Amino acid sequence: MNEFKPLVFSGVQPTGNLHLGNYLGAIRKFVALQESHDCIYCVVDMHALTAQLVHDDLKEQTRSIAAAYIAAGIDAKKHIVFNQSQVSGHAELAWVFNCVARIGWMNRMTQFKDKAGKDAEKASLGLYAYPSLMASDILLYRATHVPVGDDQKQHLELTRDIAQKFNLDFAEKIRAVGKGVDIKVGDEPVHAYFPMVEPLIDGPAPRVMSLRDGTKKMSKSDPSDLSRINLMDDEDSIAKKVKKAKTDPDGLPSEVAGLAGRPEADNLVGIYAALSDKTKADILKEFGGQQFSAFKPALSELALTVLSPITSEMRRLMNDPGYIDDVLRDGASRARARADVTMREVRDIVGFLY
């Protein structure tokens, strides 16, 4: 039986503007989870270097993620909000995990292949080892649950592989320091130091696609700003982007089956459903048979109703960077206290003299 104390960990990378997809797919879920779980939410600024080494505004981007967390409703006093680089244990444990993980495991990571593209030889080692750092982010706090989307499931499986190999390779050492927990891996009892992390999937996660191409995810890196609704967009920008969103000549169907083969229509209906906490079927009952010229203004109005309070609070917080920095420093102090315990015990288990 798993006796690890339940703990949720997740993070967002501070690269580019946060958009509607980030909110619906991640941050809104973070807010809901804090009502039932002990949570640690991180701004993973070390991961940002894998996307781009030199940033003109990494500090500002880091503050904007923290502001979004708080504006969306995360309680930074009850839970922990901090930025990754303030806690050195993330990098230290990542090195241990680099030595635990196998090259074959890393070669199977499809996200590296997607991000590196055809010229993988010129990609950074950091991008290649990204999943090992992600594993250290989670296991540094011995977190038991992580809310994940489809694109991160493979990395979470790798985290479990790393935890299992560490537990098995150091089984005698773990018992010697007396810090493990008896769990079952499959049908086998294991005295484990690190938990076998479980994904948290609360219903079907909304998959928000580009407003310009319904076959691609809404992305911070898309060169077209019209492809996404940013959390900091004003009323006119949101209305303009929804109005210009790509559609097809047909009207809205009355049933979900009618969205098949219509990615842009499916995306806009899905966004409306997610924002209103309804199903696509519910939305089509209301709008089925209508043209997009009638549906888009309703979608704009709904997006503004949901996002405006968050946007206003984000702007207020971003005008007070000292407050955000204080929140992150306080969170880092509390995170560091937990991380330091883990790293002392890992050093004992591995055999480092300190």
### Task
Hey, can you tell me all the residues within region 70-83 that are out of contact with any Ser or Thr (no Cβ under 9 Å at 6 or more places or on another chain) and not β-branched (Val, Ile, Thr)?
72, 73, 75, 76, 77, 78, 79
### Message
If I ask for residues that are within 26 Å of residue 110 (Cβ to Cβ) and aromatic (Phe, Trp, Tyr), which ones from region 159-188 would you list?
### Response
166
### Message
Taking the conditions exactly as written (in a helix (DSSP H, G or I) and over 30 Å from residue 315 (Cβ atoms)), does residue 282 satisfy them or not?
### Response
yes
### residue 177 being within 13 Å of residue 144 (Cβ to Cβ) and over 26 Å from the mean Cα position of the chain (by Cα)
no
### Task
Please enumerate the residues belonging to region 217-243 that are under 11 Å from residue 300 (Cβ atoms) and not in a loop (DSSP other than H, G, I, E, B).
235, 236, 237, 238, 239, 240, 241, 242, 243
### Summary
Restricting region 246-267 to residues that are part of a helix (DSSP H, G or I) and in contact (Cβ under 8 Å) with a residue 40 or more places away in the chain, the one surrounded by the most Cβ atoms within 10 Å (Cβ to Cβ) turns out to be 267
### Filtered residue count, region 186-209, keeping only those that are within 26 Å of the chain's Cα centre (by Cα) and without any contact (Cβ under 8 Å) to a residue 24 or more places away in the chain
2
#### Entry: Subset of region 65-84 (residues that are assigned to a helix (DSSP H, G or I) and in contact with a strand residue (DSSP E or B) (Cβ under 9 Å, 6 or more places away or on another chain))
65, 66, 68, 69, 70, 84
### Message
Taking the criterion of being buried (at least 22 other Cβ atoms within 10 Å of the Cβ), under 30 Å from residue 308 (Cα atoms), assigned by TED's automatic domain parsing to the domain that holds residue 171 and hydrophobic (A, V, I, L, M, F, W, C), would at least one residue in region 50-63 satisfy it?
### Response
no
### Single residue of 156, 133, 140, 200 found to be farther than 20 Å from residue 110 by Cβ and either out of contact with any Ser or Thr (no Cβ under 9 Å at 6 or more places or on another chain) or modelled with pLDDT of 95 or more (or both)
140
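The values are calculated or read from the model by the stated rules, or taken from the named source; none is laboratory data. Computed from a prediction, not measured in an experiment: that's the story for all the values here. Glycine also receives a Cβ, built like all others from the backbone with ideal geometry; neighbour counts cover every protein chain displayed.
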